[in-house]
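A.B. asks: Let me begin by handing over the structure; questions about it come next.
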Amino acid sequence: MPIPVCARRYASVRDDIRDGDVLLWLPTSIAGKAICWGTRQPYSHASMAGRSSDGRLRNVEMVQWAGGRRTPLSEQVIRYPGTCQVWRPIDPRYDGHAALVQMLWLIGQPYGWSDFALVALHRICPRMLRAALPNSSSPDRPRVCSPSVAWAIRTSNGIAAVPSVPDDEISPGDLADSGFAAYRYSLYP
């Protein structure tokens with residue numbers, strides 16, 4: 001999959017970014033590059049955009065070692081210029097605010113190392129894995145980045161972001177490939 005690039009300064013598009021826009025991230029570390037290699041896709045991380053009550057744009061995500069958190073998106077763009085891509089869901093039934101509310105529920109939840117293993121195993125032996133999957137609908141289950149985004153979309157909107165893949169097995173690149181969202185731009189300071 002070619003990586004789309006439409007470079008935009010964060011300050012010029014900040015007001016265009018909506019609650020529930022999907023953020024896909026290019027790798028910045030060896031671990032990120034390993035994720036891309038293992039999934040055969042260019043993206044190593046997925047998160048969701050949303051505004052907090054003070055109006056600041058946040059990056060809501062599940063991240064290793066920290067679990068569910070929200071951080072100012074502006075800080076992430078400065079720290080990782082050009083690696084964050086904004087993808088806008090195109091399904092007219094999609095309610096981005098409702099999806100964001102689900103993602104916010106995950107703040108403070110532990111990182112789901114077992115989901116990380118499920119995504120990896122899905123790439124190796126997808127048919128054998130399906131029978132052994134746990135119930136992915138529980139909000140109490142620890143999750144990783146892209147399964148969290150897919151879960152928030154499905155439970156809030158009744159829409160499968162990647163229809164042919166269970167939430168637990170979705171990688172960041174699957175969110176880009178599924179046609180659920182359209183690329184808007186890449187963020188630069």
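Derivation of every value follows stated rules applied to the coordinates shown; laboratory data play no part. Values in this document were obtained by computation on a predicted structure and should not be read as measured data. Cβ atoms come from the backbone with ideal geometry, glycine included; neighbour counts cover every protein chain shown.
A.B. asks: As an exercise, identify the trypsin sites (Lys or Arg not before Pro) in region 1-50 lying in DSSP coil whose Cβ has no more than 13 other Cβ atoms within 10 Å.
C.D. replies: Of the trypsin sites (Lys or Arg not before Pro), the ones in loops of region 1-50 whose Cβ has at most 13 other Cβ atoms within 10 Å are 40.
A.B. asks: Applying the Karplus parametrisation 6.51 cos²θ - 1.76 cosθ + 1.60 with θ = phi - 60° to the phi angles of region 51-62, what ³J(HN,Hα) value in whole Hz is obtained for each residue in order, glycine and proline being reported as x?
C.D. replies: Per-residue couplings from phi come out as 8, 8, 4, 8, x, 6, 7, 10, 9, 9, 8, 10 Hz.
A.B. asks: Once amide H atoms are built 1.01 Å from N in the peptide plane, which residues 5 or more positions from residue 59, or in another chain, come under 5 Å H to H?
C.D. replies: 71, 73
A.B. asks: Ok, one more. Sort 79, 51, 143, 88 so that the residue with the fewest other Cβ atoms within 10 Å of its own Cβ comes first and the one with the most comes last.
C.D. replies: Lowest count first: 79, 51, 88, 143.
A.B. asks: With the crude spin-label approximation of a point 7 Å out along Cα→Cβ, what separation in nm comes out for residue 5 versus residue 101?
C.D. replies: Computed distance between label sites residue 5 and residue 101 equals 4.0 nm.
A.B. asks: Then there's this: Could you give each residue of region 168-175 its phi-based ³J(HN,Hα) in whole Hz, using Karplus coefficients 6.51, -1.76, 1.60 with θ = phi - 60°, and x for Gly or Pro?
C.D. replies: 4, 9, 7, 9, x, x, 4, 5
A.B. asks: Between residue 19 and residues 5 or more places away or on another chain, which pairs have amide H atoms under 5 Å apart, with H built 1.01 Å from N, and which residues are they?
C.D. replies: 51
A.B. asks: For region 152-164, what does the Karplus curve 6.51 cos²θ - 1.76 cosθ + 1.60, with θ = phi - 60°, yield as ³J(HN,Hα) per residue in whole Hz, taken in order and with x for Gly and Pro?
C.D. replies: Each residue of region 152-164 in turn: 4, 5, 5, 6, 8, 10, x, 10, 8, 5, 10, x, 8 Hz.
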